[in-house]
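**Student:** Next up is a structure, given as structure tokens.
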Amino acid sequence: MAELDAERQRLDAAREDDAERRHRRAIINQRRGDLSARLASAEVVDPNRQGVGDTLPLQTARGEGWLQVVAVAYADLTAVLP
């Protein structure tokens, strides 16, 4: 979130074409809104109740699915995150 805010500040400070600046700011605001929505809908998983091998429901921008809890050595987040 901080990176998006910093990018928005740099954009506001830059002397660019007004239409281009508005367009880029709209993109930043959309990304910020998407991130805020993801954080608001996140649920903390109790590590005392979930363990390696458990399967949890997952919802992403691409749809619903399942996420299997694996040991760190086997984690591949590129398979489930956009």
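Bear in mind these aren't lab numbers, they're just calculated from the coordinates by the rules spelled out. Bear in mind that the values here come from a model prediction, so they are computed numbers and not experimental data. Note: ideal-geometry Cβ built from the backbone for every residue, glycine included; neighbour counts use all protein chains shown.
**Student:** Taking only Cα atoms, what is the 0 to 90° angle, nearest 10, from helix 18-41's long axis to the longest principal axis of the chain?
**Tutor:** The answer is roughly 20 degrees.
**Student:** By per-residue mean of other Cβ atoms within 10 Å, what is the highest-first order of 47-59, 17-29?
**Tutor:** The peptides rank, most packed first, as 17-29, 47-59.
**Student:** Once amide H atoms are placed 1.01 Å from N in the peptide plane, what residues at a sequence separation of 5 or more from Leu67, or on another chain, have their amide H within under 5 Å of its amide H?
**Tutor:** Sorted by chain and number, the residues that satisfy this are Leu56, Leu58.
**Student:** Oh, and also: Roughly how many debye, to the nearest 20, is the charge dipole of segment 1-42 about its Cα centre, given +1 on each Lys and Arg Cβ, -1 on each Asp and Glu Cβ, and no other charges?
**Tutor:** Its charge dipole is roughly 100 debye.
**Student:** When P(r) over Cα pairs in 10 Å bins from 0, in percent is calculated directly from the model, which label among (i) 12, 22, 23, 24, 18, 1; (ii) 15, 31, 22, 16, 10, 5, 2; (iii) 14, 34, 25, 18, 9, 1 fits?
**Tutor:** From the options (i) 12, 22, 23, 24, 18, 1; (ii) 15, 31, 22, 16, 10, 5, 2; (iii) 14, 34, 25, 18, 9, 1, the structure gives (iii).
**Student:** Shifting gears a bit: What's the angle, to the nearest 10 degrees (0 to 90), between helix 2-13's Cα axis and the longest principal axis of the chain?
**Tutor:** Between the helix axis and the principal axis of the chain, the angle is about 10 degrees.
**Student:** Using the charge dipole of segment 1-42 (Lys, Arg: +1 at Cβ; Asp, Glu: -1 at Cβ; taken about the Cα centre), state which of Ala13, His23, Ala2 has its Cα farthest towards the positive end.
**Tutor:** Comparing the listed Cα positions along the dipole, Ala2 ranks first.
**Student:** Here's a follow-up. Tell me the label-point distance for the pair Ala14, Glu43, using the 7 Å Cα-to-Cβ offset, in nm and rounded to one decimal.
**Tutor:** 4.0 nm
**Student:** Can you compute 3J(HN,Hα) from phi for each residue in segment 66-71, using the Karplus curve 6.51 cos²θ - 1.76 cosθ + 1.60 with θ = phi - 60°, rounded to whole Hz and x for Gly and Pro?
**Tutor:** With the stated coefficients, segment 66-71 comes to 10, 10, 9, 6, 10, 5 Hz.
**Student:** Rounded to the nearest 20 Debye, what is the dipole magnitude of the chain about its Cα centre when Lys and Arg each give +1 and Asp and Glu each give -1 at the C-beta?
**Tutor:** 240 debye
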